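The values are calculated or read from the model by the stated rules, or taken from the named source; none is laboratory data. All values derive from a computational prediction rather than experimental measurement. Because the Cβ atoms are built from the backbone with ideal geometry, glycine has one as well, and the counts that use them run over all protein chains shown.
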Amino acid sequence: MRQFIGVKIVGATPMTREYAETNHDVVVGGKNHGDGYLVEYDNGYKSWSPKDVFDAAYRPTNGMSFGLAIEAMRQGNKVARSGWNGKGIFCALQVPDANSKMTSPYIYINTTGLQTDNPNAPKSLVPWLASQTDMLADDWQIVEAV
């Protein structure tokens, strides 16, 4: 039998199954009762998940491993270490287009931060290599543009 690993980013709210059953927009299956989570996917689909099943499948996006941070970047998110000193510094994945001199995707670091109020501001997008400390850290988080 082949093995698979899944990575997706969802929104979740702690909720009992009994409470979830009263909400007609939520799909509730299985026989588990008690504590769990209302889970909402990007496409708007909502379901209820028992706590033990949810905890085995998901981790918070504000304490990720480097591997999960890479998966988040593959899904188009910007990530940063919580302990980085520069405000708004982040890493993201650059996938070369047909006009690029680069031939392979790479991670870049944006040292100008997340400020988007001036679209003409110079950007500092530098290909980035992770240190061993960065690769072993569990303080990666998804960041949003401000």
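When each of Tyr58, Tyr106 is tested for being closer than 30 Å to Arg17 by Cβ and at pLDDT 85 or above, the lone residue that passes is Tyr58. Considering every residue within the range 61-76, establish whether at least one is on the phi < 0 side of the Ramachandran plot, at pLDDT below 90 and among the basic types (Lys, Arg). No, every residue in the range 61-76 fails to be on the phi < 0 side of the Ramachandran plot, at pLDDT below 90 and among the basic types (Lys, Arg).
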